[in-house]
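Worksheet for the structure shown next.
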Amino acid sequence: MTQTFDCIVLGVGGFGSGALYHLARRGVNVVGLEQFGVAHDRGSSSGETRIVRKAYFEHPDYVPLLLRAYELWTDLRAETSRELWDLCGLMLAGPAEGEAISGAHLATRLHHIPLEDVPLEQARTRFSAFRIPDDFSVVFEPEAGYLRVEQCVRSHIERAQALGAQLCTNEPVQAWETDGKTVKVRTEKEVYEAPRMVVTAGAWTSQILAELDIPLTVLRKLVYWFEVNKGEEKTAAGLPAFYFELPDGAFYGFPSIDGQTMKVAEHTGGFEAKNPSVLDRESRAADSRPVEQFVSAALPILKPKFQRHAACMYTISPDHHFIVDRHPAHENVIVGAGFSGHGFKFTSVLGEAFADLAIEGSTRLPIGFLSANRFQKES
Ligand SMILES: Cc1cc2nc3c(=O)[nH]c(=O)nc-3n(C[C@H](O)[C@H](O)[C@H](O)COP(=O)(O)OP(=O)(O)OC[C@H]3O[C@@H](n4cnc5c(N)ncnc54)[C@H](O)[C@@H]3O)c2cc1C
């Protein structure tokens, strides 16, 4: 039997949950199709925490989107009465001319984001849990912190359902087609039809949108929890989030949430995953060694051997910036892809952009720099 809706969301992880919520909030009769469960750990939106910040060093054009993202996270928090985030601040440490510090300064200058320059000697006292290398610069962003990733996904979905959205879990999409007017999506159980569809399939995007012709690389990324040394529990719980740009890679982490462990990971590096459905989730020495070396050099309050780990995926676009646009060949199909390991904080605001694009065909949100046609080959 065919079920008919106003809009289909294919893939309800981070971005799909945001899209589902914003579509439902506008009264759209929407269905979300998800191959796994709610807030599952097989994709890219799991592992407790995600950094949220405004002094965006990757590119200052993201800042206006972040300002709206913060408003929407605040609204969602009020609607659900859940502690979706902890704005504990973010310490960035690295060379003054490196990507992180100079990029954060640029975003701050252009968009007047609060950012403190902390002289090294002061930083060593104020953030005494860290060993900060000589000749590093340190900045502190007081309005940054972290989002509780699974709580955010769950909250978007629960609110969407309360507003009338339908969610079908454990229902992998097998195929889809469109004649320009109607999108027809087939799963094992059903056929779904709608005049429009939002595709937010994360690491599976290249399988779902084979003809998109934008090379996306899926990287397997492992994150680690390290035990806090006895007596340091309070210090570990009171830290800001942190990001170190070192000559051999960028490493980041979070204050202790459970008082016993801290999550630390490497943003750089990672091995290509050919098939996201059969991801190797084991930690190998090549995965853990750089993170353990970082911990032993920079975080003496932690035991240097990791206690547990989790696996996740980055889906990297050719220029490491997102793709948020209508499908170049199908105007009624909206694509959110290539979030390149820094997307989660935007799932609120881009959920709103997906709803705009699906309902109105355009959005007032400044997403022009994320268009799909920037990758179009010259003929
Ligand atoms: C280790 C790690 C650390 C990160 N740190 C940060 C950070 O600090 N800050 C930040 O902002 N971002 C961070 N990111 C990036 C951020 O988490 C991702 O950009 C974001 O979660 C991607 O969301 P998504 O919706 O694209 O993917 P997902 O959440 O994986 O959602 C895609 C969904 O589509 C579903 N799907 C796919 N194919 C089908 C199909 N055929 N049928 C049905 N369903 C399907 C999948 O099951 C999945 O649920 C990090 C990512 C990782 C992996």
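For this structure, a couple of remarks:
- The residue that is farthest from residue 317 (Cα to Cα), counting only those in the stretch 174-220 that are part of a helix (DSSP H, G or I) and among the small types (Gly, Ala, Ser), is 210.
- Residue selected from the stretch 1-36 under the condition among the aromatic types (Phe, Trp, Tyr) and assigned to a loop (DSSP other than H, G, I, E, B), by the criterion surrounded by the fewest Cβ atoms within 10 Å (Cβ to Cβ): 36
- Complete set of residues in the stretch 249-290 that are charged (D, E, K, R) and crowded, with 20+ Cβ neighbours inside 10 Å: 263, 266, 287
- Flag if residue 165 is surrounded by 22 or more Cβ atoms within 10 Å (Cβ to Cβ) and within 17 Å of residue 34 (Cα to Cα): yes
- Identity of the residue in the stretch 76-127, free of Cβ contacts under 8 Å to residues at least 24 places away in the same chain and of a type in the set (Gly, Ala, Ser), that ends up surrounded by the most Cβ atoms within 10 Å (Cβ to Cβ): 78
- For residue 96: the one exception among (1) farther than 19 Å from residue 241 by Cβ; (2) of a type in the set (Gly, Ala, Ser); (3) assigned to a helix (DSSP H, G or I): (3)
- Any hit, the stretch 135-150, residues being without any contact (Cβ under 8 Å) to a residue 40 or more places away in the chain and not hydrophobic (A, V, I, L, M, F, W, C): no
- When residue 151 is tested against (1) surrounded by 20 or more Cβ atoms within 10 Å (Cβ to Cβ); (2) closer than 26 Å to residue 312 by Cβ; (3) in contact with a Lys or Arg (Cβ under 9 Å, 6 or more places away or on another chain), just one condition goes unmet, and that condition is (1).
- In the stretch 255-329, counting only strands (runs of 3 or more DSSP E) that sit wholly within it, the ones holding 1 or more residues that are among the polar types (S, T, N, Q) and more than 21 Å from residue 91 (Cα to Cα) span 302-316.
- Answer from 223, 228, 198 - the residue that is in contact (Cβ under 8 Å) with a residue 40 or more places away in the chain, among the hydrophobic types (A, V, I, L, M, F, W, C) and more than 15 Å from the ligand (Cβ to nearest atom): 228
- Hey, residue 52 surrounded by 16 or more Cβ atoms within 10 Å (Cβ to Cβ), of a type in the set (Val, Ile, Thr) and more than 9 Å from the ligand (Cβ to nearest atom) or not: no
Yes/no matrix, rows are residues, columns are (1) among the charged types (D, E, K, R); (2) over 30 Å from residue 226 (Cβ atoms):
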position	(1), (2)
269	no, no
276	no, no
284	yes, no
330	no, yes
339	no, no
343	no, no
354	no, yes
368	no, yes
372	no, yes
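Values in this text are rule-based calculations from the coordinates and carry no lab data. Small disclaimer: the values here were computed from a predicted structure and weren't measured. Please note: Cβ atoms are built from the backbone with ideal geometry, for glycine as well, and neighbour counts cover all protein chains shown.
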